[in-house]
Amino acid sequence: MKYTRREFVKIGGLATTSLLVNGALNLKSGKNKTGTSKPKVIYTWDYGPVPGKTALALIDKGKTSLDAVESAIKIIEADPNVLSVGYGGLPDAEGKVTLDASVMDWKGNAGAVAFLQNIKHPVSVARLVMEKTPHVLLAGEGAFEFAIENGFKAENLLTNKAKARWEEWMRTKKLKEATHDTIGMLAIDKNGNLSGAVSTSGWAFKVHGRVGDSPIIGAGLYVDNEVGGAASTGYGEIAIKTAGSFTVVEKMREGYSPSEACKIAVERSLKYQKEKHWQICYIAINKDGEFGGYSLEDGFAYTIGDKKGIRLKKAGSLF
Ligand code: GLY
């Protein structure tokens, strides 16, 4: 990071004002503080190298960070073996697959869908909400109708594998294995512009109608092109109560590194935790391409991709 928090606070007064003015100029040029732009992607968990390689290849061809994150996330949404996103996602308590997704770009535009059923690519519907309506969030039946009107086809998203897990849960009311949770990706393109997207089928066997953090801008995703971006995975209720992704970005604005900012957002969750910890994890990237992640409980990893390749990083944790 360019400035430690202590240095940033010490600068104070006029110098701080000039930093902010420079920040505003950076927004216009789309470049980071060093005037260079190094394409980079960061995404939650170990979803393998394909999403990262896909996003970086698109950026290399001159596509925007928004195109990159959308295309990468669509790969995971279409994968029937991923039990927590899109097609193949575990259903709610009524056996219905209900999906949440959002996107946010470098211009501050945002779009989201919540409680969307029978549409394989909620991330693309979220993008269309952003691009074709004056709104940010469409939910349920309205989101579905909007998708159909815009050429998406209705599909059954409940695979036999997910149905079998739901039937087992109905018998035992116990989930034997933890699921992967949300895919969230943040990218910087050749122009130094940041975008992010998230997509999930949410908490397995949730109450019908439950919406998580992923479609809530500021909770599951937040991007400010002057500063950086953040995305969350884990129990969405925690990210909503703490405005988690917004908190991460605001802490980076104050001068904290991406990892430090994620840690602060995780620490904020402590007052909402009960006897059993609800895992919450964040990834973040700043305008200079510095990245990081942090989680409440051990076990969270994230993937980073740039010209050095795609690699998995273990995140730090409070417990
Ligand atoms: N983080 C995804 C969810 O809670 O729905």
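Observations, loosely collected:
- For the stretch 192-235: span of alpha carbons on each principal axis (Å, largest first): 40, 14, 13
- Selection from Ala239, Ala112, Gly89, by position along the positive dipole direction of the chain (Cβ): Ala239
- Each Cα pair under 8 Å and six or more residues apart adds its separation to the average, and for the chain the resulting relative contact order is 21 percent.
- Given their separation in residues at 0.36 nm each and the Cα-Cα distance between them, Asp298 and Ala93 gain 71.0 nm when the chain is fully extended.
- Under a model in which nothing but the beta-carbon of Lys, Arg (+1) and Asp, Glu (-1) is charged, the stretch 149-220 shows a dipole of about 400 debye around its Cα centre.
- Cα-derived Rg to Rh of the stretch 120-197, Kirkwood definition: 1.09
- Residue among Ala101, Thr303, Leu138 farthest towards the positive dipole end of the chain, charges placed on Cβ: Thr303
- The average projected area of the stretch 232-294, computed from the convex hull of its Cα atoms over all directions, is 3.7 nm².
- Treating each Cα of the chain as an identical point scatterer and summing with the Debye formula, the log10 of I(q)/I(0) at q = 0.16 Å⁻¹ comes to -1.29.
- Trypsin sites (Lys or Arg not before Pro) lying in DSSP loop within the stretch 39-108, provided at most 14 other Cβ fall within 10 Å: Lys61, Lys107
- Virtual spin-label span in nm between Val50 and His277, 7 Å along Cα→Cβ: 3.2
- Helices in the chain that qualify as membrane-span-like (whole DSSP H runs, Cα extent of at least 24 Å along the helix axis, mean Kyte-Doolittle hydropathy of -0.5 or higher) are 13-29.
- Radius of gyration, Dmax [the stretch 181-319; alpha carbons; angstrom]: 14.0, 46
- The spacing between the stretch 201-250 and the stretch 94-135, judged by their C-alpha centroids, is 14 Å.
- Dipole magnitude for the stretch 219-298: about 280 debye, using +1 per Lys or Arg Cβ and -1 per Asp or Glu Cβ, origin at the Cα centre.
- The charge dipole of the chain, taken about its Cα centre with unit charges on the Cβ of Lys, Arg, Asp and Glu (plus for the first two, minus for the last two), comes to roughly 740 debye.
- Calculated mean residue ellipticity at 222 nm for the chain: -10500 deg cm²/dmol, from DSSP H runs with n ≥ 4 weighted as -39500 (n - 2.57), summed, divided by the residue count and rounded to 500.
- Gained length - Lys173 relative to Leu270, 0.36 nm times residue gap less alpha-carbon distance: 32.2 nm
No lab work stands behind these numbers, since they all come straight from the coordinates. Here the structure is a predicted model, which is why all the values come from computation and not from measurement. Here the Cβ is made from the backbone with ideal geometry for all residues, glycine too, and neighbour counts use every protein chain on show.
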